[in-house]
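What follows is a single structure, written as structure tokens, with notes after it.
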Amino acid sequence: MNANVVLSGVGLWTPPYKITNQELVESYNAWAEAYNQTHQAQIEAGELTAKPFSSAEFIEKASGIKSRYIYRKEGALDIARMRPEIPERGEGELSNQAEIAIEAAKLAMADANKTVADIDAVIVACAYTQRSYPAIAIEVQHELGIDGFGFDMLVACSAATFGMHRAWEMIASGNAKCVLVINPELVSPQVNYTDRDSHFIFGDVATATILETAETVSTDTAFDILSTQAKTVYSNNIRSNFGYMSRANDVDPFGPDKLFHQAGRRVFKEVCPMAAEHIANHLALHGLTSENVSRWWLHQANINMNTLICKKLLGRDANREEAPIVLDEYANTASAGSIIAFALHHQNLARQDVGVICSFGAGYSIGSLVVRKR
């Protein structure tokens, strides 16, 4: 363990467009009604299943989500399209994902009192990248004018914490003094807006963090990173199968099975105890228990998951100050959720207060950092 690595800055970029549950439901129900009417004969013959209808109340009860932000709103609610309309950019133009990554990066650097000259490496860690190569991280590095290196990594909803793990290792080993970790979660293109059980889950956002050696910290809102821990267990219960193999497989590259889909109840049942055990074991490495933790910045996928995990850890319900919830406004933003919670709810902690940043998601994958206010 090496306490010489510090989380010194965080940035949160929020898209300008929002979709409420009511807007989403009105669009989906209109699409479902049109689908059922168009396929009435096949439905009556038992060849197809009628699409069920939804409600804003169902979404909030099932998830705690009330709204979500989206990079481009146009097209997403159009029942003749049911996906956001994002014009393709030329190869000489800045990519969409690099664009939002840069916005979050600038905010994080300002928060940490850093300039591009201070950054040694850029990690773009998220659930999806919009292309295979060149790496989005290298594009961001180039646009910001950083003299160093960059790479992308994909670990679904644990990508942010796993990216911070890699940054921690680079700094602890002396291979870098300051690392910029960015999570440009442009998830809406992978959302199936015609699936009642998943169309409401995700929102778009970009977050970024600065990790650096303790010797160079120049802000009074930093946190020592006591250690990092990670765990993965293979599971098929959360999948997104889109990829280049579809061309050779001769299948629809945009079919429902190629977009995000999950067995939600299985995920809830299996991930919650895994996450609670992982966090408890991580704290125990420092001789700490859950009672020693002032703030829980947890992955923001489902309010019921967070409630259960906290109850397993604390033996009681956690209040909103102890375990902030941001998914009601932002929805599930893949790996960025715990970082949004940190960005919005870390300023009032006192010196020596301990907090846990934890993500969990597809893989299954779980990543955590135990931090202490400087």
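Observations on the model:
- Residue count for region 351-374, restricted to those that are assigned to a loop (DSSP other than H, G, I, E, B) and either among the aromatic types (F, W, Y) or in contact (Cβ under 8 Å) with a residue 24 or more places away in the chain (or both): 5
- Answer residue from region 321-341, given it is hydrophobic (A, V, I, L, M, F, W, C) and under 20 Å from V191 (Cβ atoms) and is surrounded by the fewest Cβ atoms within 10 Å (Cβ to Cβ) among those: V326
- Candidates C126, C157, filtered to the one that is touching a His at 6+ places or on another chain (Cβ under 8 Å), modelled with pLDDT of 95 or more and either within 22 Å of P15 (Cα to Cα) or open to solvent by less than 30 Å² (accessible area, probe 1.4 Å) (or both): C157
- Checked against (1) modelled with pLDDT of 95 or more; (2) closer than 26 Å to Y128 by Cα, P256 passes all but a single condition, namely (1).
- Residue that is nearest to M164 (Cα to Cα), among those in region 114-123 that are open to solvent by 10 Å² or more (accessible area, probe 1.4 Å) and in contact with a strand residue (DSSP E or B) (Cβ under 7 Å, 6 or more places away or on another chain): D120
- Among the numbered conditions (1) of a type in the set (V, I, T); (2) in contact with a Leu (Cβ under 9 Å, 6 or more places away or on another chain); (3) open to solvent by 70 Å² or more (accessible area, probe 1.4 Å), the only one that I225 does not meet is (3).
- Residue in region 328-335 that is in a strand (DSSP E or B) and of a type in the set (V, I, T) present: no
- Of the criteria (1) acidic (D, E); (2) surrounded by fewer than 24 Cβ atoms within 10 Å (Cβ to Cβ); (3) closer than 30 Å to K61 by Cα, which one E169 fails: (3)
- Subset of region 295-320 [farther than 25 Å from E185 by Cα and either assigned to a loop (DSSP other than H, G, I, E, B) or open to solvent by 40 Å² or more (accessible area, probe 1.4 Å) (or both)]: L308, K311, K312, G315, R316, D317, A318, N319
Yes or no, residue by residue, for (1) among the hydroxyl-bearing types (S, T, Y); (2) within 27 Å of T232 (Cβ to Cβ); (3) without any contact (Cβ under 8 Å) to a residue 24 or more places away in the chain; (4) not in a strand (DSSP E or B):
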position: P84; (1), (2), (3), (4): no, no, no, yes
position: R89; (1), (2), (3), (4): no, no, yes, yes
position: E139; (1), (2), (3), (4): no, no, no, yes
position: F151; (1), (2), (3), (4): no, yes, no, no
position: A160; (1), (2), (3), (4): no, yes, no, yes
position: W168; (1), (2), (3), (4): no, yes, no, yes
position: V181; (1), (2), (3), (4): no, yes, no, no
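- Only one of Y28, Y71 that is of a type in the set (S, T, Y) and under 12 Å from H199 (Cβ atoms): Y28
- One residue from L288, L369, L283, L349 being more than 21 Å from A105 (Cα to Cα), surrounded by 18 or more Cβ atoms within 10 Å (Cβ to Cβ) and modelled with pLDDT of 95 or more: L283
- Of all residues assigned to region 133-145, at least one qualifies as being among the hydroxyl-bearing types (S, T, Y) and open to solvent by 50 Å² or more (accessible area, probe 1.4 Å).
- A single member of A284, A301 is without any contact (Cβ under 8 Å) to a residue 60 or more places away in the chain and of a type in the set (G, A, S), and it is A284.
- Residue ID - most open to solvent (accessible area, probe 1.4 Å), chosen from residues in region 71-113 that are in contact with a Pro (Cβ under 6 Å, 6 or more places away or on another chain) and not β-branched (V, I, T): R72
- Meeting the requirement of 1 or more residues that are surrounded by 13 or more Cβ atoms within 10 Å (Cβ to Cβ) and in contact with a strand residue (DSSP E or B) (Cβ under 7 Å, 6 or more places away or on another chain), the helices (runs of 4 or more DSSP H) wholly within region 9-70 are 21-38.
- Single residue of region 228-256 satisfying the filter (open to solvent by 60 Å² or more (accessible area, probe 1.4 Å) and part of a strand (DSSP E or B)) that is nearest to N292 (Cα to Cα): Q229
- Boolean, Y128 is free of Cβ contacts under 8 Å to residues at least 40 places away in the same chain and assigned to a loop (DSSP other than H, G, I, E, B): no
The values are calculated or read from the model by the stated rules, or taken from the named source; none is laboratory data. These figures come from a predicted structure and were not determined experimentally. Here Cβ is always computed from backbone atoms with ideal geometry, including for glycine, and neighbour counts include all displayed protein chains. Note: areas computed on protein heavy atoms with side chains; ligands, DNA, RNA excluded. Shrake-Rupley method; radii C 1.70, N 1.55, O 1.52, S 1.80 Å.
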